[in-house]
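A short write-up of the structure that comes next.
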Amino acid sequence: MSNHNILEKEVLENIREHYDQIFSAERKVADFVLKNPQKTVDSNVSELARQSGVSDATVVRMCHHIGYTGYYQFRIALSRDLGKRQVGAVLLTDSANAVENVFLEYAQAMLAIGRRIDANVMANCVNLIKTCKQAHIMAVGNTSPLAQYMGFRLGRLGVKCTYNVAAEYFLNHVNLADTGDIIIAISQSGISKQVVQGMELGKEKALKMIAITAVAQSPVAELADYVLLSAGKEEPFSYYKGYAHLNETAVIDALLSFVTNEELINKKQADKPEIILSEFKM
């Protein structure tokens, strides 16, 4: 069966169909997944291996043997299946306060994030940005617009920076970085491979690094000197909510609010482009 056809099937159904064809060690993984699908989605490959009592390699082999390219594809497919059920449940809810409740949920999430971020960590991040020669911002996939947003905002605050949606570009910038430059890595999952590679390159060049991520125990967080967590608490992974970046945007805005310095803006004439473009706005 082709990989495309595999992705059209529900993961748990696919596991049951292939159960008799996989090795005994792999069945331990399959058994855990069948009993704990949400825990599986919330786990990285090492966590799933530990909970199943097998090695990381066994988890990956099980995924390969039932038709997936690897654990990441398996995990995303399973989260999609669970996400469909979550969306279905939301659609059944009918309340006069439904819209207000959504915004209340957002507000509570923002407050929880604010409580979780250490003020000293925030202060150190602000100081790094204010004193750096140049900031290199990295993000990939559907998080890329946040790098563009942050880069534009930093430029208007008088902070020189680089940012690009293509990994080839931001890796070039990091590779050519000078002493005094910093890296700002944005990855909700904390496992974006190209962002991790950029940070590893930055580590080789002894650059200070700030990470904005929702996952404290992740490669991106571990590589960073300072971590600004974009989640108020550890929550079950949601396939469809994973596309939303309200939390990361809020963390960026909070950071930029502390970075804002009128003296630096005036010194760098950072608002000059807005004056030039003003004639094109009504």
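The values are calculated or read from the model by the stated rules, or taken from the named source; none is laboratory data. Every value quoted in this text rests on a predicted model; they were computed, and no experiment measured them. We place every Cβ from the backbone using ideal geometry, glycine too, and count neighbours over all the protein chains shown. Keep in mind that these areas ignore ligands, DNA and RNA; they rest on the heavy atoms of the full protein, side chains included. Shrake-Rupley method; radii C 1.70, N 1.55, O 1.52, S 1.80 Å.
Go through (1) modelled with pLDDT under 95; (2) closer than 23 Å to R115 by Cβ for I275 and report which single condition fails.
(2)
What pairs come up if the first residue lies in the range 218-234 and is farther than 15 Å from D118 by Cα, the second is among the β-branched types (V, I, T) and in a helix (DSSP H, G or I), and their beta carbons are under 8 Å apart, counting only those six or more places apart or on different chains?
P219/V196; V220/V195; V220/V196; L223/V196
Given the residues L146, L104, L128, which is the only one that is modelled with pLDDT under 95 and either among the hydrophobic types (A, V, I, L, M, F, W, C) or touching a strand residue (DSSP E or B) at 6+ places or on another chain (Cβ under 6 Å) (or both)?
Details: L146 fails: modelled with pLDDT under 95; L128 fails: modelled with pLDDT under 95.
Residue meeting the stated conditions: L104.
Answer yes or no as to whether R16 is under 21 Å from S192 (Cα atoms), free of Cβ contacts under 8 Å to residues at least 40 places away in the same chain and not in a loop (DSSP other than H, G, I, E, B). Break it down into steps so the answer makes sense when it comes.
Details: under 21 Å from S192 (Cα atoms): no; free of Cβ contacts under 8 Å to residues at least 40 places away in the same chain: yes; not in a loop (DSSP other than H, G, I, E, B): yes.
The answer is no for R16.
Let me confirm something: among E222, E204, which residue is among the charged types (D, E, K, R), at negative phi and under 19 Å from the mean Cα position of the chain (by Cα)?
Working: E204 fails: under 19 Å from the mean Cα position of the chain (by Cα).
It is E222.
Would you be able to say whether some residue in the range 226-239 is modelled with pLDDT of 90 or more and under 17 Å from K133 (Cα atoms)? Steps first, please.
The initial filter retains those residues of the range 226-239 that are modelled with pLDDT of 90 or more, namely 226-231.
Then keep just the ones that are under 17 Å from K133 (Cα atoms); that gives none.
No, the range 226-239 contains no residue that is modelled with pLDDT of 90 or more and under 17 Å from K133 (Cα atoms).
Got a number for residues in the range 51-73 being basic (K, R) and buried (at least 22 other Cβ atoms within 10 Å of the Cβ)? Spell out how you get there, then give the answer.
Going through the range 51-73, the residues basic (K, R) turn out to be 61.
Narrowing further to those that are buried (at least 22 other Cβ atoms within 10 Å of the Cβ): none.
So the count comes out to 0.
Mind checking which residues of the range 16-48 are within 15 Å of Y68 (Cα to Cα) and more than 28 Å from the chain's Cα centre (by Cα)?
Answer for the range 16-48, where residues must be within 15 Å of Y68 (Cα to Cα) and more than 28 Å from the chain's Cα centre (by Cα): R16, E17, H18, Y19, Q21, I22, E26.
Among residues belonging to the range 8-46 that are closer than 14 Å to V59 by Cα and of a type in the set (D, E), point out the one that is most open to solvent (accessible area, probe 1.4 Å).
D31
Consider the range 64-75. How many of its residues are within 16 Å of K9 (Cβ to Cβ) and under 23 Å from the mean Cα position of the chain (by Cα)?
Within the range 64-75, residues that are within 16 Å of K9 (Cβ to Cβ) and under 23 Å from the mean Cα position of the chain (by Cα) number 5.
So for the range 69-91 (the condition being farther than 23 Å from P219 by Cα and at pLDDT 90 or above), does at least one residue qualify?
Filtering the range 69-91 down to residues farther than 23 Å from P219 by Cα leaves 80-91.
Now narrow it down to the ones that are at pLDDT 90 or above: none.
Within the range 69-91, none of the residues are farther than 23 Å from P219 by Cα and at pLDDT 90 or above.
Only one residue in A139, A135, A147 is touching a Pro at 6+ places or on another chain (Cβ under 9 Å) and under 18 Å from T213 (Cβ atoms), so which one is that? Lay out the reasoning, then the answer.
Values: A135 fails: touching a Pro at 6+ places or on another chain (Cβ under 9 Å); A147 fails: touching a Pro at 6+ places or on another chain (Cβ under 9 Å).
Of the residues listed, the single one that is touching a Pro at 6+ places or on another chain (Cβ under 9 Å) and under 18 Å from T213 (Cβ atoms) is A139.
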